[in-house]
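Nothing in this text is a laboratory measurement; each read-out follows from the coordinates by a stated rule. None of these values were measured; they are calculated from a predicted model. Here Cβ is always computed from backbone atoms with ideal geometry, including for glycine, and neighbour counts include all displayed protein chains.
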Amino acid sequence: MSETIQGIEELNLTRKDFVPGNEVRWCPGCGDYSVLANMQKTLPVLGVKKENYAFISGIGCSSRFPYYMDTYGFHSIHGRAPAIASGVKLANPDLTVWVITGDGDGFSIGGNHMIHALRRNIDMNIMLFNNRIYGLTKGQYSPTSLLGKKTKSSPFGSVDRPFNPSAVALGANATFIARALDVDAKGLQESIKRSQRHKGASFIEVYQNCLIFNDGEFADVENKATRPDSALFVVHGEPMIFGKDKDKGIIMKDNHPKVVHLGEEWTEEDLLIHDETNPIITNLLLEMTFDPKNPTPFGVLRAVDAPTYDEMLVDQIREVTEIKGKGTLEDLFYSGDVWEVK
Amino acid sequence: MAKKVISINEATIRFAGDSGDGMQLTGTRFTEATAIVGNDLKTIPNYPSEIRAPLGTLAGVSAFQLMFGSQRVFTPGDLPDTLVAMNPAALKVHLKDLKKGGTILANANAFSEKNLKMATWEANPLTDGSLDGYTVYSIEMSKLVGKALENSDLTSKGIERTKNMFALGVLFWMYNRPIEPTEAWLRKKFAKNPSIAEANITAMKTGYNYGETTEIFTTSYAVEKADLPKGKYRNITGNVAVAYGLVAAAEKAGKELFLGSYPITPASEILHTLSGLRNHGVKTFQAEDEIAGITSAIGASYAGDLAVTTTSGPGMALKTEAIGLAIITELPLVIVNVQRGGPSTGMPTKMEQSDLLQAVHGRNSDAPIPVIAAQDPADCFDCAFEAARVAMKYMTPVILLTDGYLGQGSGPWKIPDPKKLPKIEVSHPDSSAIGEDGFMPYARDENETRPWAIPGTPGLEHRIGGLEKENLTGMVSQDPENHQVMTDIRARKVENITQDIPPSEIHGDTKGKVLVLGWGSTHGAIHVAVERARAKGQSVSQLHLRWVSPFPSDLKTVCDGFDEILIPEVNSGQLALLLKAELIRPIHQLNIVRGEPFRASEIEEKINEILG
């Protein structure tokens, strides 16, 4: 750790270094502003040189993100950011690669790239802005919109069952999954830090309010007054406690999570302990997402170590080269049966 | 009885059998032996798209044809002189192509009642006299290998499988080819299973000796060495040549090679070849789909690699949007399309040249792109090298068109001296590129190309993307005047490549009655047809285009020297359409779409028709 801190001092980066001169053009009051600010605040303390960041995005409101970061950036085409980012990382493994995407970009048109980037475990950070709506195309339901949602393209209510993005990430065997809230600076910064330090494909789902087309979608957790009783912030190794007075917790009852009140009948000892490395716990937390009887979980839901594709590729190139020797064009051209015409 | 050896100039052989009979392998081994003898040659495989169609059926027939000669050979031959038919279905499918009076070598044991019925023969053609116009060698191959290998460890099924080596042995004798290279190859291939190697070698020798000793064969043929330019040669398929060309270009540019690709027939061998070259530093990424194949390559190019994606028609369709992204971001990228029959899934294992318009124009908006087309398997090396060079010099994606015939067909390749391959100059800006107004990611050099500034370079942080950018600054811009400027620059950038295209080389006179103009894999058939026409005294010349976008700058002048222009294409007239617009004059067309290359005779007939 001391090395990293020394590194950070040498780099001497501040938030300003990540703010380019151009004007940010999201709607006033959009949740994206908070995510951007927290990204710009967090990166300077992570010990990575500014020129080694590459922000890759697809299409959608959130995908304008790279234009607002003074780093290398690539605003690409709809849904393809994880695939482009894969090429960037494999071409230059020294880069720190971020993918910025949304629920339409990442889980509708780009769903295939998303699951494969996660399963391959290429070292990159994928941040999904989930506002449960298509914003840039002005208000159609997305693959994360809830059933019954009335939008421009579902005037009688959506009959399209939604994805739970973090659960899809778990299904794709992602090695790091976090969920954060646009208005929660602390949670965002923690997720960004942990994600970037994680080796492998990291997935951060950000609940983000779209003021124009889906305002109030996450009201219960966005509102400071109701948040303590609607949100569960999990910490590895600690019991699952929530509530304004820290008086509620989660137990396992009949193989399902259940909210209990701490007091005479239940104590902290009875509560489930969060374990980032246990997919059963992660799955259990994700099951709570759409259940009105349970709080919505946030924090680092999963973090496990696994070999990364990029390292394995580099290792394979090194190993094969050690065994066969560095290939030359001469070797290659003469690798078949050769004859000479004199 | 001493057997006669007749000297011939050229021969065309077709190996045909069930898809499980190993015909591709048999053909390839014959090809290697023929190459070693020093003949010029061309080959073409012809196999079904099913991996194992039902045994013995017409649908399951797999074939391999080669032509070899003591003179230059430009095509795998029109009609075979000799047909190897391992079963009745193979004979049924291919007999119609055999030259009149040609030779048939058949495995008599396979002509059972059941197999005959499955191949829709009413009676056994080997015995009912229907093949009287041909020289038929009906040999009990299965029985003979069974006897020769009765003491081997192999199962009876395993022994039966060696019958292709028996047939190969007979042909080695018949055409005086050495068996030693195949013997060595078998020992190497089955190093872990010596009994299989030995059984196959025995089967091959049994076939060879059968030709030598039995009295049914009276004659064998000798084909002298071809008069090829001096140098060292090896046989190569177009797909392997593309792979090698890319590796060479990467090395000459001092770049790492990145391939993003999704498996597709008939392009997969490029992925296979490159994935085996880790010790050359080659990074291959088998993507989740065609789109990820190209977009990962675009990402790798952005980060500074020589990036490539390989595919065939349906994959090109899927990559279309991303090609537009590479065009607007002005990133170097090589896109290889090994064309096949279409539309849609079409005929995956058959060749066609019908993706030309897709390559040149098939994108939303004005999205110009350079397109280069290889003309024979060895030329695939040069075209891949050139495509990569141009991509990096002009900061643009480049499409390389080959096809299933080039990709899977083979011919001798005069191995270039690696030291003499030209160096590819590539430069990446550093912080010295920062001017008073900061770094300009869309600044222009004399060719109007922008700098290739790669992530990791301090001070040059900038954003690119699919949204239109302001020239010079690279800021997002929806300004009307700027869009005009950028659209014009993108067109001129491609047009500028004409300065790298050497003057057109005309085969024949530079002025005359008919110019046969082609592109891609029709080169050989056109060449042969033009040669024959010229030998008859007809005023015919050939021009074959490598760059089909942009056209060479002297194209109109060259065409003006001829009264008539004929364009033979394995499509419904795509180059003709482009050239009618370019030259504004009538053009004769010869178009076939049978999933097969032209026969030279078809082009010859068309020339006769034009000359009246």
Relative contact order (percent, whole number), segment B:234-420, Cα cutoff 8 Å, 6+ residue spacing: 29
Per-residue Cβ neighbour rank within 10 angstrom, fewest leading, B:Lys469, B:Lys100: B:Lys100, B:Lys469
DSSP beta bridge pairing in chain B, given as percent antiparallel to the nearest 5: 35
Normalised contact order of chain A, rounded percent, pairs of Cα under 8 Å and 6 or more residues apart: 14
Segment A:2-106: trypsin sites (Lys or Arg not before Pro) in DSSP coil with no more than 16 other Cβ atoms inside 10 Å: A:Arg25, A:Lys49
Segment B:505-517 - phi-based ³J(HN,Hα) in whole Hz, Karplus 6.51/-1.76/1.60, Gly and Pro as x: 9, 9, 8, x, 6, 7, 9, x, 7, 10, 10, 8, 10
Percentage of interatomic Cα-Cα distances in chain A larger than 36 Å: 26
Cα-centre dipole for segment B:234-420 with unit charges at Cβ (Lys and Arg positive, Asp and Glu negative), debye to 20: 480
Distance in nm between pseudo-label sites at B:Asp366 and B:Ala491 (7 Å out along the Cβ direction from Cα): 0.4
Taking the C-alpha atoms of the protein assembly as shown, convex hull volume expressed per residue in Å³: 219
From phi via Karplus (6.51, -1.76, 1.60), per-residue ³J(HN,Hα) for segment B:354-364 in Hz, x at Gly/Pro: 9, 9, 5, 5, 4, 5, 6, 10, x, 9, 5
Inverse mean reciprocal Cα-Cα distance (Kirkwood Rh) of segment A:245-312, Å: 13.6
Two-decimal log10 I(q)/I(0) for segment B:569-612, as the Debye equation yields it once each C-alpha is a single scatterer, q = 0.16 Å⁻¹: -0.48
At 1.306 mPa s and 10 °C, Stokes D of segment B:1-131 from Kirkwood alpha-carbon radius, µm² per second: 103
Percent breakdown of C-alpha pair distances by 10 Å bin, ordered from the shortest bin, for segment B:4-223: 9, 35, 39, 16, 1
In Hz, Karplus ³J(HN,Hα) per residue of segment A:248-258 (6.51, -1.76, 1.60; θ = phi - 60°; x = Gly, Pro): 10, x, 10, 10, 9, 9, 6, 6, 9, x, 9
Kirkwood-based Rg to Rh ratio, segment B:234-420, C-alpha trace: 0.93
Residues whose placed amide H lies under 5 Å from that of B:Tyr137, excluding near-sequence neighbours: B:Ile104, B:Leu105, B:Ala106
Percentage relative contact order, chain B, counting C-alpha pairs under 8 Å, at least six apart: 11
Sequence of B:Cys380, A:Cys27 once ranked by neighbouring C-beta atoms within 10 Å, starting from the fewest: A:Cys27, B:Cys380
Distance in nm between pseudo-label sites at B:Lys232 and A:Thr14 (7 Å out along the Cβ direction from Cα): 6.3
About the Cα centre, charge dipole magnitude for the protein assembly as shown (Lys/Arg +1, Asp/Glu -1 at Cβ), debye: 1800
Space enclosed by the convex hull of the alpha-carbon atoms of chain B, per residue, Å³: 166
All Cα pairs of segment B:506-611, percent lying beyond 21 Å: 25
Local electrostatic count, B:His94, Cβ distance below 14 Å [Lys/Arg +1, Asp/Glu -1]: -2
Cα centre as origin, Lys/Arg/Asp/Glu Cβ charges: segment A:160-260 dipole, Debye: 480
Summed side-chain charge close to B:Ala106 - residues other than B:Ala106 whose Cβ falls under 12 Å, Lys, Arg +1, Asp, Glu -1: +1
For B:Glu582, A:Glu264, A:Glu222, order by how many other beta-carbon atoms lie within 10 Å, fewest first: A:Glu264, B:Glu582, A:Glu222
Cβ-Cβ FRET estimate between B:Lys556 and A:Lys342, R0 fixed at 60 Å, reported to 0.05: 0.90
Proximal charge balance of B:Met475 [Cβ under 14 Å; K/R count +1, D/E count -1]: -2
